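Step one of this worksheet: look at the structure below.
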Amino acid sequence: MANPKVSFIVPVYNTQEFLPRCLDSLLGQTCPDIEIIVVNDGSPDGSAAIIDKYARVDSRVRVVEKSNGGLSSARNAGMDVARGAIIDFVDSDDYIEPNLAEFLVGTFAEGHSEIVVFGAECEPAELASKRIQQLLSPEACVFESFDPALLFSANAQPYVWRAAYSRELIERESLRFAENVRFAEDVVFQFESYPLSAKTVLAPEKLYHYVMQEKSLTHVFNASAKRMDKIDAHLLVLHEVLGRWDRRGLLDLCPGELVTWFLDLLVFDLARLDAEDYGAVVARVKNEFAGHVGVDWAGLPSKSAVRHAARKLASKSKISILDAARLYLATRGLRACVERFV
């Protein structure tokens, strides 16, 4: 199949328990004109034997073997060999609905879209916060050009596996994942790709099953003992996003929303740091924003509670839990605050 309609890219690392279900869901698509690029990222468990078994049975399964380099590296390796007009990412411990490929082919063809975002179900449901459920439930919408809502309010990020991309967009803009980012690497990819997409479609259909793992990096970082690790990871995401936007001339698009988004991400962890760690983090945040957005970055957010917190950071004053709560109330609303603290 020289030019399949959809290329599914599946990075694999130590997921032998879940891999057969994932591959079965891909091979069972109602649209058979697909390729499944399975990237074995140096997995030491029995995943390689499972991949080999599937590849011998169905020629649509293509195998990429590589030494371990992380999720971003594996996805990039898959994109390097993908031949489909549509590129879709599937994590190997998850699975998809049988009509996902058919849905993507129809949606891309109907509107000449460059990105299509869809919904997902969390399993088990009790592990998913209301916030995650909301993020995975986009409303039907079409963006003919970039709108900040795509990044900040339309439930189109995070999680790259809930979006599909035209290969034309990926190749035209040389889009690749940041291989130095191990946490929220999909956020960096989305922050770069959404502003470059000529047309992005959001669809409410829940076509992906996100299997939540207690041992995942996201759950580990939510432990209080890992607070500085989480902050370091978020600062690296900020560094990559600002750097990529700077290189592509995108920083004038929505700098106030960008500052607001990052402070919303970080503020509660900042408020809980001791004085020494707080001072070091504040210096890094100031350097990133001042170096890319400008020295007046703290005055850019539209909401007063966010500007108040930003100006405290800019002056190296300590952000309190009350400051954080006011910012959170301004950015997410009362219900989200109640859900977080009650």
**OP:** Could you work out the per residue convex hull volume over the alpha carbons of region 16-171, in cubic angstrom?
**Re:** 127 Å³
**OP:** Could you work out how far helix 304-314 tilts from the main Cα principal axis of the chain, as a 0 to 90 degree angle to the nearest 10?
**Re:** 80 degrees
Subject >> Translational diffusion coefficient (Stokes-Einstein; Kirkwood radius from C-alpha pairs) of region 23-98 at 37 °C, 0.692 mPa s, in µm²/s >> reply: 254 µm²/s
**OP:** Would you calculate the separation in nanometres between label points at GLU205 and ARG182, each defined as 7 Å from the Cα along the Cα-to-beta-carbon direction?
**Re:** 3.7 nm
Original post:
Just for the chain, what percent of DSSP beta bridges are antiparallel, to the closest 5?
Top reply: 30 percent
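Multiplying the sequence separation of GLU173 and GLU121 by 0.36 nm and subtracting their Cα-Cα distance, what value in nm do you get?
Extending this stretch completely gives an extra 15.7 nm.
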**OP:** Mind ranking 136-146, 37-47 by how tightly packed they are, going by the mean number of other C-beta atoms within 10 angstrom, highest first?
**Re:** 37-47, 136-146
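Quick one: plug the Kirkwood hydrodynamic radius of region 81-133 (C-alpha pairs) into Stokes-Einstein at 25 °C, 0.890 mPa s, and report D in µm²/s.
Value of D from the Cα-based Kirkwood radius: 185 µm²/s.
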Subject >> 3J(HN,Hα) from dihedral phi, region 136-143, Karplus parametrisation 6.51/-1.76/1.60, rounded to Hz, x for glycine, proline >> reply: 9, 10, x, 8, 4, 6, 10, 10
Original post:
Under 17 Å from a point 7 Å along the Cα-to-Cβ line of LEU329: which residues of region 296-318 have their amide N that close?
Top reply: 303-310
Subject >> Between helix 255-271 and the chain: long-axis angle, C-alpha atoms, 0 to 90°, nearest 10 >> reply: 80 degrees
Original post:
Once every DSSP H run of n ≥ 4 in the chain is given -39500 (n - 2.57) and the sum is divided by its residues, what mean residue ellipticity at 222 nm do you get, rounded to the nearest 500 deg cm²/dmol?
Top reply: -14000 deg cm²/dmol
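Using r as the Cβ-Cβ distance of GLU144 and ILE321, and R0 as 45 Å, what FRET efficiency do you calculate, to the nearest 0.05?
Computed FRET efficiency for GLU144 and ILE321 comes out at 0.60.
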**OP:** May I ask for the percentage of alpha-carbon pairs in the chain that lie more than 33 Å from each other?
**Re:** 28 percent
**OP:** For an R0 of 25 angstrom, estimate the FRET efficiency from the Cβ-Cβ distance between SER304 and SER153 and round to the nearest 0.05.
**Re:** 0.85
**OP:** Taking 7 Å along the Cα-to-C-beta vector as the label spot, tell me the PHE268-SER59 distance in nanometres, rounded to one decimal.
**Re:** 5.3 nm
Subject >> DSSP bridge pairs, region 109-223: antiparallel proportion in percent, nearest 5 >> reply: 45 percent
Original post:
What per residue convex hull volume, in Å³, do the alpha-carbon atoms of region 29-72 yield?
Top reply: 86 Å³
**OP:** May I ask you to give the solvent-accessible area per residue for the chain, in square angstrom, as obtained with a 1.4 angstrom probe?
**Re:** 43 Å²
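The values are calculated or read from the model by the stated rules, or taken from the named source; none is laboratory data. All values derive from a computational prediction rather than experimental measurement. All Cβ positions, even for glycine, are placed from backbone atoms using ideal geometry, and neighbour counts span all protein chains on display. Just so you know, the surface numbers come from the protein's heavy atoms only, side chains and all, with ligands and any DNA or RNA stripped out. Shrake-Rupley method; radii C 1.70, N 1.55, O 1.52, S 1.80 Å.
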